[in-house]
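The structure appears below as structure tokens.
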Amino acid sequence: MKEYEIYSNLKVPVNSKIIIRLDGRSFHTLANDLNLIKPYDENFYKVISEVCMDLFKEFSPLFIYTFSDEISLLLDKVPFDGRIEKLNSVFPSFASSSFVIHYNAEFKKPPAFDSRVIPIADEDIVKYFKWRQDESWRNCVNSHGIFHLKNKYSNAEANDKINGMKLNEIHELLFQDGINLNDIETYKKRGIAIYRKQKKITGFNKKENINQTSYRSYLYTDWNVEKFSEKFFKEIDVIK
Ligand SMILES: Nc1nc2c(ncn2[C@@H]2O[C@H](COP(=O)(O)OP(=O)(O)O)[C@@H](O)[C@H]2O)c(=O)[nH]1
Ligand SMILES: [Mg+2]
């Protein structure tokens with residue numbers, strides 16, 4: 001019967017780095033069910049960052065980036081021999097279970113994430129993450145805009161208004177009403193990055209009677225991440 005499993009040998013290109021992007025399934029409904037604070041729920045973000053931590057510890061990616069209900073993982077050593085079926089089932093199910101463990105709430109439905117695998121050339125890594133970070137900013141402006149407009153208008157009117165507006169117009173409207181998006185927390189604008197950092201450790205070597213310095217890497221959740229650039233990814237050793 002093995003011959004019926006016709007997709008099981010579908011693999012990512014050998015030696016290619018990949019990005020796996022997970023996205024919460026119908027999290028709009030989940031947000032309503034769990035009464036998430038609008039436009040940004042700090043606890044939801046805390047939980048998603050813990051999911052990213054679990055993913056990092058389990059699969060040792062180079063880098064993880066998250067905003068809203070999506071998580072992008074950059075992997076250089078691809079597990080499961082690069083098998084797409086494995087990658088697209090194990091990563092999202094692992095994330096879903098982690099989400100449930102950390103959320104610790106009464107869910108109306110089991111939460112799920114979808115998953116896609118994106119082979120990525122080294123020179124496109126920065127471009128990819130800049131693209132997602134731009135989306136995080138769009139999401140930030142739009143969700144603050146719609147939240148604000150719904151306080152003044154009916155839901156339908158607010159939706160109509162926001163759909164006809166450009167990002168800078170929403171930004172300006174909020175500004176006129178005393179809300180300056182430049183002042184809100186960085187993670188709401190730029191998302192959260194998880195990566196390895198080096199810690200300097202200085203110890204005294206008794207035998208040699210000297211101070212010695214060594215470096216140990218640790219996982220860092222960056223709630224204050226800068227705007228993505230080539231410089232940033234070089235500094236954190238994700239690209240050469
Ligand atoms: N209230 C609230 N909702 C959130 C938050 N983060 C994400 N969401 C919800 O998650 C959705 C994610 O977008 P998308 O993936 O396009 O929608 P989906 O198909 O319903 O998962 C948003 O539209 C919001 O409804 C949050 O911090 N607060
Ligand atoms: Mg979603």
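The values are calculated or read from the model by the stated rules, or taken from the named source; none is laboratory data. Remember, it's a predicted structure, so these values are computed and weren't measured experimentally. Positions of Cβ are backbone-derived with ideal geometry, glycine not excepted, and every protein chain shown enters the neighbour counts.
Determine which member of the set GLU70, GLU50, GLU3 is surrounded by fewer than 19 Cβ atoms within 10 Å (Cβ to Cβ), within 16 Å of ligand 1 (Cβ to nearest atom) and either modelled with pLDDT of 95 or more or more than 28 Å from HIS144 (Cβ to Cβ) (or both). The match here is GLU50. Just one of the listed residues (LYS46, LYS77) is over 22 Å from GLU235 (Cα atoms) and either among the hydrophobic types (A, V, I, L, M, F, W, C) or over 11 Å from the mean Cα position of the chain (by Cα) (or both), and it is LYS46.
With respect to the stated conditions, ASN15 is over 29 Å from GLU106 (Cβ atoms) and either at pLDDT below 95 or within 16 Å of ligand 1 (Cβ to nearest atom) (or both). Return yes or no: is ASN104 loosely packed, with under 14 Cβ neighbours inside 10 Å, free of Cβ contacts under 8 Å to residues at least 12 places away in the same chain and out of contact with any Phe, Trp or Tyr (no Cβ under 9 Å at 6 or more places or on another chain)? Here the answer is yes, as ASN104 does meet what is asked. Between residues in segment 25-44 that are closer than 17 Å to ASN139 by Cβ and residues that are modelled with pLDDT of 95 or more and within 10 Å of ligand 2 (Cβ to nearest atom), which pairs lie under 7 Å by C-beta distance while being six or more apart or on different chains? The qualifying pairs are PHE27/ASP69; LEU30/GLY24.
In a residue-by-residue description of segment 35-46, the property of being more than 8 Å from ligand 1 (Cβ to nearest atom), in the same structural domain as LEU74 (by TED's automatic domain parsing), buried (at least 19 other Cβ atoms within 10 Å of the Cβ) and of a type outside the set (S, T, N, Q) applies to no position.
Scanning segment 21-60 for residues that are within 12 Å of ligand 2 (Cβ to nearest atom) and among the aromatic types (Phe, Trp, Tyr) returns a single hit, PHE27.
ASN104 satisfies every condition listed in (1) modelled with pLDDT of 95 or more; (2) more than 14 Å from ligand 1 (Cβ to nearest atom) except (1).
Of all residue pairs spaced 6 or more apart or on separate chains, those with beta-carbon atoms under 7 Å, a first member in segment 66-89 that is over 16 Å from ILE194 (Cβ atoms) and a second member that is assigned to a strand (DSSP E or B) and basic (Lys, Arg) are ASP81/LYS11; GLY82/LYS11; ARG83/LYS11; ILE84/LYS11. Kindly check whether there is at least one residue in segment 128-145 that is of a type in the set (A, V, I, L, M) and not assigned by TED's automatic domain parsing to the domain that holds LYS240. Yes, segment 128-145 contains at least one residue that is of a type in the set (A, V, I, L, M) and not assigned by TED's automatic domain parsing to the domain that holds LYS240. The residue that is farthest from TYR65 (Cα to Cα), among those in segment 191-214 that are without any contact (Cβ under 8 Å) to a residue 60 or more places away in the chain and within 27 Å of the chain's Cα centre (by Cα), is LYS199.
Between LYS152, LYS127, LYS199, the distinction of being at pLDDT below 95 and under 30 Å from VAL78 (Cα atoms) belongs to LYS199 only.
Considering the conditions (1) surrounded by 14 or more Cβ atoms within 10 Å (Cβ to Cβ); (2) within 16 Å of ligand 2 (Cβ to nearest atom), ILE18 is excluded by exactly one of them, (2).
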